[in-house]
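Notes follow once the structure below has been shown.
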Amino acid sequence: MNAVNDEYLEAFLAESMEHVDRLEEGCLTLEREGPRPDLLADMFRAAHTLKGMSATMGFSHLAQLTHRAEDLLGSLREQPGTIRERHVEVLLLAVDRMRARLQSIAAAAREPDAPDDDVLAALAEVLQSEEAAADVGETGAGALGGLASLARQAAAEGKVLCELRIRLVPDCVMPGVRLAMVYQTLKQMAALVAARPEEEAVMAGRVEATEAVAAVIVAQGEIDQVRHAVLDVTDVAACEVSTLRPPAEEKVGTSHQEPQGPGRDAAPSGAKGARSSSDLRREPTLRVSARKVDLLINTLSDLVITKTRLATLVSSSDDPALREAVERLDRLTSEIQDGLMELRMVPVEAVFHRYPRMMRDLERRLQREFDFVMTGLDTEMDRVVLEEMGEVVVHLLRNAADHGLEPPEVRESCGKPRRGTIRLSAYASGGHVYIEVADDGRGIDRRRVLDSAVEKGLITPEEGAEMPDESVYALLFRPGFSTAERVSDISGRGVGLDAVRDKVEALGGRIRVESAAGVGTTFIIELPLTLAILPALLVACCGQVFAIPTANVEEVRRMTEDDVRHVQDRPVLPDAAGIVPIVDLAERLGLEARRDGYPRTAVVCRDGRRRLALVVDHVLDELEIVNKPLGRYLQGVKEFAGATILGDGRVSLILDVRSIANTA
Amino acid sequence: MDSYVVMRVGPERYGAHVSQVRSVERVGDITPVPRTLSFIKGVMHLRGSIVPVIDLAERVGSRRGSADEEDRRIVVAEVEDMVVGMMVDAVEDVVHIPPEAVEPPPPVVGGLDAVYLRGVARLGDDLLVLLNLERVFSAVEAEQLKQVEKLVRG
């Protein structure tokens, strides 16, 4: 594939991903709020555009997949009243597959050969039942057809007509027998009025299908019992119920349909975030690959260095015009620098937009009931920081859904609303960006955290009794605390939270937690606006210059022999806040034999709660540096977090205080 | 027809496929990186980015020739998102070699395992050893990790 095609491909991928996102967002809204004509039209357009683009690019499987999705959406657009849970499921399945295809295309510039037979079949299947339903008319009747009069009859008797879609597990050994048992159950508990496959055939053992649709008439409110009885039959994987309402006779047009949501209790929820996000996307934007911006930033730092050199040369000149020109160059360069750094900023939406889907799936899997609300989606963050945070936020969201929130029954018994709320918010304030994950669950149980910490030997019971809540919660982030399985079961917190904290701190941020028993828990992450530029201390050690991020530096001390104590033969530096282990940087880095003699210069560093005193030759300077990654080739090197280019063009390595403290 | 950059290291000539070579640079300031493998000479600054530099002679187990300092170069290669500079005694030429002229590598060439080679081609009277840079670089990664692990475990 040549360069021109590559450009097209990039544009194609970016745009397609956006359409796929739109489809997914549409599915979730559809599920929450039921069908709206504009929503379905929008989804249809997204699928249509995708189909066209992928056909043009020659990705025939993707084109076929999107074509089928478009067909289904087209049909649903005509008949919004017939939308069932199953439709959304299948559409989401198709969305996942489209995304997977786009990802393989991005990786290999060609699409995988295997066709999506499974998804295509599922789309065809729901489309068929959709068309069958359409034949009945716009009554909201389901897949069996011809049920309008039965629905009316049921209503007249004060009962309801329900359609059940029953699915057996795919590897069911005797599907015919199982279906017969299902039908038997239905007949015992309700009036079975229609079924496909037909009752007679099933009872006669002439059927081997693993799916069935049945219509029953039951008394109001009894359908749940029927459903449970069906689910109790061996090998039944799913049973979806929809209530078929009698057609509204006086209605002439079809313009307004009762939003018959796919779920049985499709309550509107968390729509705010989703809506503002689509507004956001319509803003006119320029699509530039992140790589191009990074390249430009690299060139810029080269320019900054050249400018610094020039300024040094000019400083000895007494030509005022020359000096003025260099000063102007200086100002312009920093303006470009600011502007470019801003280009690296992206709205959190870019990563957060995946979460509603994830939370929806989580809600089902964990059998929790909650609304997921996102705010501050247009908050901007450094692209790199944001991408790194993606995982952390996923972790916290899962934690909130799994452990933070109580099961619905427990909530009700505590007098709380059955549905919980999980809130993800982002905002900027005072040179920092904040991300909060909040739930309105049970809160952290102080006693249990303390018991467990005492048991693990992290604290003594006496210490625990004195601890303010804040310190108790901080225990959750201790390594070793979280690995205890029992803790996660009891307190519901602590699974991998030390990993979360590590990640946040590696990005120069901080995390803390607030909690109130019975009211909920909030994790608050504070992050620097950008990683690219950071203030640092330059130190000399054995003729080399190293940078230590100022965020890690507590103080610089002149250390005499009298200051040094020994604990188990290891040198330590006591100060007001405790005892700090002394690490000779030269020795730690294997540079040269340690120097003797005092006084020495010690840089007292802090990483989280850990401190250490790094012995260096001397401190050179404190300045803002541009952090540059060492690259994949040197990723095994743990002592350095990156490198920076000094004013004279030489490279200085940035110490990774965390890693040095870990192995000290 | 494939094109290769011919690099001289001691008495040997090695070829790097042009599609993997980004640029050829003069040797400038190299900042040593402590705690790495000995053939990793350090990092250098190249148009705003940081590029690790390896000594190709040491890497392939070849003798460093009595090269003229003026001739020494750093060949910057990019392979699978990895950018690495290879310090060589000299860069001689770019040659075109038809694929059919490339012979499979003998098991060991100049101390370098065959897995690190693409093949061998005749270049006049000399042999040109074609490097498989993916392997040369990725094996380093693995070795480095091993070494780091050793350090951590003591």
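Values in this text are rule-based calculations from the coordinates and carry no lab data. Note that the coordinates shown come from a computational prediction; the quantities given were computed from them, not determined experimentally. Neighbour counts are summed over all protein chains in view; Cβ atoms, including those assigned to glycine, are modelled from backbone coordinates with ideal geometry.
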Open item on the list: Among A:F523, A:L164, A:M467, which residue has its Cα furthest toward the positive end of the charge dipole of the protein assembly as shown, with +1 on Lys/Arg Cβ and -1 on Asp/Glu Cβ?
Closed with: A:M467
- [ ] Give, in nm to one decimal, the length gained when the segment between A:I336 and A:R610 is fully stretched (0.36 nm per residue of separation minus the Cα-Cα distance).
- [x] 94.8 nm
Open item on the list: Using 0.36 nm times the number of residues separating A:E412 and A:V454, minus their current alpha carbon distance, what extension gain do you get?
Closed with: 11.8 nm
Open item on the list: Just to be sure I understand: if I project the alpha-carbon convex hull of the range A:3-137 onto a plane and average over all orientations, what area do I get in nm²?
Closed with: 7.6 nm²
TODO: Provide the descending list of Cα extents for the protein assembly as shown along its principal axes, expressed in whole angstroms.
DONE: 100, 79, 62
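Could you tell me the ratio Rg/Rh of the range A:45-99? Both radii from Cα atoms, Rh via Kirkwood. All intermediate terms of the calculation are to be shown ahead of the outcome.
Values: Rg = 11.5 Å, Rh = 11.4 Å.
When Rh is taken as the Kirkwood radius, the ratio is 1.00.
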TODO: Any chance you could give the angle, 0 to 90 degrees and rounded to 10, that helix A:175-189 forms with the longest Cα principal axis of chain A?
DONE: 70 degrees
Task: Set of aspartates and glutamates near A:K456 by C-alpha distance (under 20 Å), chain-local residues within fewer than 8 positions excluded - done: A:D445, A:E466, A:D469, A:E470, A:E485, A:D489, A:D498
Open item on the list: Given points 7 Å out from each Cα along the Cα-Cβ axis, report the A:L13 to A:E470 separation in nanometres with one decimal.
Closed with: 4.6 nm
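Local charge sum around A:P461 (other residues, Cβ-Cβ under 13 Å, Lys/Arg +1, Asp/Glu -1)?
Combined, the nearby Lys, Arg, Asp and Glu give -3.
Efficiency by 1/(1 + (r/R0)^6): what FRET value for A:E554 and A:D38, r their Cβ-Cβ distance, R0 = 56 Å, to the nearest 0.05? Provide the component values of the computation, followed by the final result.
Working: r = 58 Å, r/R0 = 1.03.
Calculated transfer efficiency: 0.45.
What area, in nm² and to one decimal, does the C-alpha convex hull of the range A:533-663 cast on average over all directions?
Working: hull surface 33.4 nm².
Computed as one quarter of the Cα hull surface, the answer is 8.4 nm².
What is the calculated FRET efficiency for A:R110 to B:D126, with r their C-beta to C-beta distance and R₀ = 30 Å, to the nearest 0.05?
Numbers: r = 39 Å, r/R0 = 1.31.
For A:R110 and B:D126, the calculated efficiency is 0.15.
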Open item on the list: Binning at 10 angstrom from zero up to the longest distance, how are the C-alpha pair distances of the range A:579-647 distributed in percent?
Closed with: 16, 39, 39, 6
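For A:I582, what charge total do you get from the other residues with a beta carbon under 10 Å from its beta carbon, if Lys and Arg give +1 and Asp and Glu give -1? Don't jump to the answer; show the numbers that get you there.
Details: positive: A:R565, A:R570, A:R600; negative: A:D563, A:D584.
That works out to +1.
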Task: Karplus 3J(HN,Hα) series, Hz, for the range B:40-52 with 6.51 cos²θ - 1.76 cosθ + 1.60 (x for Gly, Pro) - done: 7, 7, x, 10, 10, 9, 10, 6, x, 10, 9, 10, x
- [ ] At q = 0.12, 0.29, 0.30 Å⁻¹, work out log10 I(q)/I(0) for the range A:290-344 with the Debye formula, treating every Cα as an identical point scatterer and leaving solvent out; two decimals please.
- [x] -0.32, -1.09, -1.14
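Ignoring the sites themselves, what is the longest stretch of chain A with no GluC sites (Glu not before Pro) in a DSSP loop and at most 16 other beta-carbon atoms within 10 Å? Each step should come with its number before you reach the end.
Numbers: sites that count: A:E157, A:E198, A:E208, A:E222, A:E249, A:E250, A:E592.
Looking at chain A, A:251-591 is the longest stretch - no exposed GluC sites (Glu not before Pro) with at most 16 other Cβ atoms within 10 Å.
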TODO: Answer rounded, prolate or oblate for the range A:349-528, using the Cα gyration tensor with square roots of eigenvalues a ≥ b ≥ c: rounded when a/c is under 1.5, else prolate when a/b is larger than b/c, else oblate.
DONE: oblate
Open item on the list: For A:V293, project a label point 7 Å along Cα to C-beta. Then give me every residue of the range A:593-634 with its amide nitrogen under 19 Å of that point.
Closed with: A:626-629
Task: Principal-axis tilt of helix A:355-366 within chain A, Cα atoms, nearest 10 degrees - done: 60 degrees
Task: Between helix A:497-506 and chain A: long-axis angle, C-alpha atoms, 0 to 90°, nearest 10 - done: 50 degrees
Task: Inter-site label distance for A:Q367 and A:A124 at 7 Å from Cα along Cβ, in nm - done: 3.6 nm
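Run lengths n ≥ 4 of DSSP H only: what is the helix-derived mean residue ellipticity at 222 nm for the protein assembly as shown, with -39500 (n - 2.57) per run over all residues, to the nearest 500?
My calculation for the protein assembly as shown gives -13000 deg cm²/dmol from helical runs alone.
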Task: Estimated distance in nm for a label pair at A:K187 and B:S38, the labels positioned 7 Å out from Cα along Cα-to-Cβ - done: 8.7 nm
Task: Compactness of the range A:148-244, expressed as Rg and Dmax over alpha-carbon positions, Å - done: 12.9, 42
- [ ] Per residue of the range A:316-332, in order, report the coupling 6.51 cos²θ - 1.76 cosθ + 1.60 (Karplus, θ = phi - 60°) as ³J(HN,Hα) in whole Hz, putting x for Gly and Pro.
- [x] 8, 8, 10, 7, x, 5, 5, 5, 5, 4, 5, 4, 5, 4, 4, 5, 4
- [ ] With just the Cα atoms of the range A:562-617, tell me how far they stretch along each of the three principal axes, in Å, largest first.
- [x] 30, 25, 21
